[in-house]
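One structure coming up, written as structure tokens, with questions to follow.
The values are calculated or read from the model by the stated rules, or taken from the named source; none is laboratory data. A quick note: this is a predicted structure, and the numbers were derived from the prediction, not measured. FYI the Cβ positions are ideal-geometry reconstructions off the backbone, even for glycines, and counts take in every protein chain you see.
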Amino acid sequence: MGSVLTRYFERLADLDSSDRAALDSLALFPHRHLRAREDSFREGDPCSSVSVLISGWACLSKMTERGDRQIISFVLPGEPCDCEDYLLGVHGVTLQAITDIEQLSIPAERLELAFEDRPKLLLAFRRAGAIRLASVEDRMLTVGRRPASARLGLLFLDIMARAKRAGIGTDDGCEFPVTQLDLADACGLTSVHVNRTLKTMRKAGIIDLRYRHLSILKADELRALVAFSPSPVDLVIETNLN
């Protein structure tokens with residue numbers, strides 16, 4: 001069946017047996033185990049590897065000078081945490097565990113060696129980086145220009161789709177260990193505003209969020225509420241990842 005690493009990247013390019021064998025070999029590097037709310041690395045730390053989340057949930061964030069946190073994205077099992085930071089030699093974000101996590105760190109020099117004579121493998125990693133950038137761009141638009149209901153609703157739809165691809169969710173629901181404070185920091189809202197918006201969505205029967213589990217009860221109504229319309233990049237991602 002291949003490693004978690006292989007299963008993710010083979011969706012991004014037409015990998016051959018040599019590419020898959022290289023990924024399976026990279027997946028054998030030592031894994032780190034971190035407890036919930038522990039930082040794996042922080043913004044500004046030296047970077048000489050690429051990290052992939054093997055199990056658990058994590059988030060990537062940045063901090064203002066005053067200590068206000070902005071969550072850039074949530075990371076689910078199988079997803080890379082930082083495809084490009086090693087090229088600059090420094091981490092541009094902080095990776096924090098939301099739950100207990102298992103993390104693979106691939107030394108940059110071994111990754112570059114694996115890319116030699118494997119153009120499709122290199123393409124897969126480049127696409128992973130492009131997907132991360134496109135996701136950040138979409139979140140910037142949402143946080144900067146959309147109302148609270150759309151900020152939360154679009155985040156729920158995105159996480160549900162990714163959880164299903166990762167094998168930890170269905171069309172109807174998934175584990176959701178994210179706190180209201182996490183949601184506030186991801187959506188540029190206060191915890192009070194998040195709580196009020198969630199209550200409105202629950203009362204309308206659109207979602208159910210309790211006991212660390214998210215259920216979308218009326219997907220069509222949620223898409224209408226947030227005026228969901230896939231961007232051209234969304235359609236490319238959907239084609240490559242499903």
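I'm trying to understand the selection: among the residues of region 1-27, which are under 16 Å from R110 (Cα atoms) and either more than 22 Å from the chain's Cα centre (by Cα) or part of a strand (DSSP E or B) (or both)?
Selection gives S18, D19, R20, A21, A22, S25.
Continuing with this model, one more query. I'm trying to understand the selection: among the residues of region 52-86, which are among the basic types (K, R) and not in a loop (DSSP other than H, G, I, E, B)?
Matches in region 52-86: K62, R69.
Between A36, A108, which is among the hydrophobic types (A, V, I, L, M, F, W, C), under 25 Å from R162 (Cα atoms), in contact (Cβ under 8 Å) with a residue 40 or more places away in the chain and surrounded by fewer than 18 Cβ atoms within 10 Å (Cβ to Cβ)?
A36
Residue-wise test of (1) outside the structural domain of D39 (by TED's automatic domain parsing); (2) of a type in the set (K, R); (3) touching a helix residue (DSSP H, G or I) at 6+ places or on another chain (Cβ under 9 Å).
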site	(1), (2), (3)
Q96	no, no, no
L104	no, no, yes
F115	no, no, yes
A124	no, no, yes
L155	yes, no, yes
D158	yes, no, yes
R162	yes, yes, yes
P177	yes, no, no
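Same structure again: Taking region 40-57 as the region of interest, how many residues are surrounded by 14 or more Cβ atoms within 10 Å (Cβ to Cβ) and under 19 Å from the mean Cα position of the chain (by Cα)?
Total satisfying the criteria: 12.
Residue by residue through region 145-158, note down the ones that are at pLDDT below 95 and either small (G, A, S) or in contact with a strand residue (DSSP E or B) (Cβ under 8 Å, 6 or more places away or on another chain) (or both).
Passing the criteria: only L157.
Now a separate question. Can you name every residue in region 145-160 that is in a helix (DSSP H, G or I) and free of Cβ contacts under 8 Å to residues at least 12 places away in the same chain?
Scanning region 145-160 gives a single hit, R145.
Show the residue pairs meeting these rules: Cβ distance below 6 Å; 6+ apart or different chains; first residue within region 66-85 and without any contact (Cβ under 8 Å) to a residue 40 or more places away in the chain; second residue surrounded by fewer than 22 Cβ atoms within 10 Å (Cβ to Cβ).
Short answer, once both residue conditions are applied: D85/C47; D85/H91; D85/G92.
Where in region 162-226 are there helices (runs of 4 or more DSSP H), lying wholly inside it, with at least 3 residues that are under 28 Å from V93 (Cα atoms)?
Helices (runs of 4 or more DSSP H) meeting the threshold: 180-187, 191-203.
Also, quick follow-up: Quick check: is even one residue across region 100-118 outside any strand (DSSP E or B), under 29 Å from L189 (Cβ atoms), under 16 Å from the mean Cα position of the chain (by Cα) and aliphatic (A, V, I, L, M)?
Taking every residue of region 100-118 in turn, none turns out to be outside any strand (DSSP E or B), under 29 Å from L189 (Cβ atoms), under 16 Å from the mean Cα position of the chain (by Cα) and aliphatic (A, V, I, L, M).
If you check every pair at least six apart or on different chains, which have Cβ atoms under 8 Å apart with a residue in region 188-203 that is within 16 Å of V178 (Cα to Cα) and touching a residue at least 24 places away in the same chain (Cβ under 8 Å) first and a residue that is part of a helix (DSSP H, G or I) and among the basic types (K, R) second?
G188/R151; L189/R151
Give the residues of region 68-99 that are closer than 22 Å to F115 by Cβ and of a type in the set (A, V, I, L, M), sorted by residue number.
Selection gives L87, L88, V90.
Against the condition crowded, with 21+ Cβ neighbours inside 10 Å, under 16 Å from A58 (Cβ atoms) and either over 14 Å from the mean Cα position of the chain (by Cα) or of a type outside the set (F, W, Y) (or both), how does L76 come out, does it pass?
Yes; evaluated as a whole, the condition is true for this residue.
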